[in-house]
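In what follows, a structure is listed as structure tokens, so that the remarks can point back to it.
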Amino acid sequence: MAIRTILHHPDERLRTRAAEVTKFDENIESLIEDMLDTMYDAPGIGLAATQINIHLRVIVVDCSREEKTPMHFINPVLLEEVGIEEMKEGCLSVPGVFEEVSRAEKIKIKAQNAGGTVFELEADGLLAVCIQHEIEHLDGKLFVDKLSTLKQKRIRKKLEKIKL
Ligand code: NI
């Protein structure tokens, strides 16, 4: 168990494309544990390995409202995207910023669990939004990239000030 440091925008390391996981060993298990600890501590509802400077395709999510329901997805791939939904999003790497973003309303994904077993999952609502957001981190993308240039500039300035 360990709480890792979360990288903040505009840190260039957040722009790294993560590599596929090929080894399903105890290192992956402890990475998932650390990611969940870090996410719950923040607190947040999703975290990609990229955000803790580990460039492997691993994401964790917990969108449950009451009891903890930790989920993890290794090498996640979007198979289907249906509809459009607008939701206000935030990100642990972009603290204090919440903006409306449009994404697919329903998705189907394929991923592997910590044991390497492949599974498929259908999701909608907040879970679908969260999974799409986290998968983008693995490709070095942030939700703020979807905003207007003016908004992006303001956000960058604001975060650079906090850093000082
Ligand atoms: Ni995020």
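Only the coordinates and a few stated rules stand behind these numbers; no lab work does. These figures come from a predicted structure and were not determined experimentally. Cβ sites come from the backbone with ideal geometry, for glycine too, and all protein chains shown count toward neighbours.
Within the chain, which is the longest segment that contains none of the GluC sites (Glu not before Pro) sitting in a DSSP loop with at most 13 other Cβ atoms within 10 Å?
The segment 68-164 is the longest one with no such site.
For an R0 of 30 angstrom, estimate the FRET efficiency from the Cβ-Cβ distance between residue 65 and residue 162 and round to the nearest 0.05.
0.55
What trypsin sites (Lys or Arg not before Pro) in the range 1-72 are in a loop by DSSP, with at most 11 other Cβ atoms within 10 Å of the Cβ? The partial results should precede the final answer.
On the way: sites: 4, 13, 15, 17, 23, 57, 65, 68; in loops: 4, 17, 23, 57, 65, 68.
Qualifying residues, ordered by number: 17, 23, 65, 68.
Pull up all non-local amide H partners of residue 89: gap of 5 or more, or a different chain, and H-to-H distance under 5 Å with H placed in the peptide plane.
Placed amide hydrogens put 99, 100, 101 under 5 Å from residue 89.
Could you tell me the calculated FRET efficiency between residue 152 and residue 54, based on Cβ-Cβ distance and R0 = 22 angstrom, to the nearest 0.05?
That gives a FRET efficiency of 0.30.
Under the classification rounded if a/c is under 1.5, otherwise prolate if a/b is larger than b/c and oblate if not, where does the range 1-147 fall, given a ≥ b ≥ c as square roots of the Cα gyration tensor eigenvalues?
Judged from the Cα gyration tensor, the range 1-147 comes out rounded (a/c under 1.5).
Top mean-square fluctuation among 79, 36, 127, Gaussian network model of the chain, C-alpha springs under 10 Å?
Comparing 79, 36, 127 in the GNM, the peak value goes to 79.
Size of the dipole of the range 12-163 about the Cα centre, Lys and Arg at +1 and Asp and Glu at -1 on the beta carbon, nothing else charged, in debye to 20? Don't jump to the answer; show the numbers that get you there.
Numbers: 22 positive and 28 negative charges, 222 e Å.
Dipole magnitude for the range 12-163 comes out near 1060 debye.
Each residue of the range 80-89 in turn: what ³J(HN,Hα) in whole Hz from Karplus with 6.51, -1.76, 1.60 and θ = phi - 60°, glycine and Pro shown as x?
9, 9, 10, x, 10, 9, 9, 9, 7, 10
What distance in nm lies between label points placed 7 Å from Cα along the C-beta direction at residue 126 and residue 80?
Placing both labels 7 Å beyond Cα along the Cβ direction yields 2.4 nm.
Among 88/108; 110/157; 88/161; 110/151; 88/141; 108/163, which pairs are too far apart, with a Cα-Cα distance over 27 Å?
On the way: 88/108 21 Å; 110/157 37 Å; 88/161 23 Å; 110/151 33 Å; 88/141 17 Å; 108/163 38 Å.
Check vs 27 Å cut-off fails for 110/157; 110/151; 108/163.
What shape does the range 66-129 have by the C-alpha gyration tensor, where a ≥ b ≥ c are the square roots of the eigenvalues, rounded means a/c under 1.5, and otherwise prolate means a/b greater than b/c and oblate the rest? Intermediate values should be presented prior to the final figure.
On the way: a/c = 2.09, a/b = 1.39, b/c = 1.51.
Judged from the Cα gyration tensor, the range 66-129 comes out oblate (a/c at least 1.5, b/c at or above a/b).
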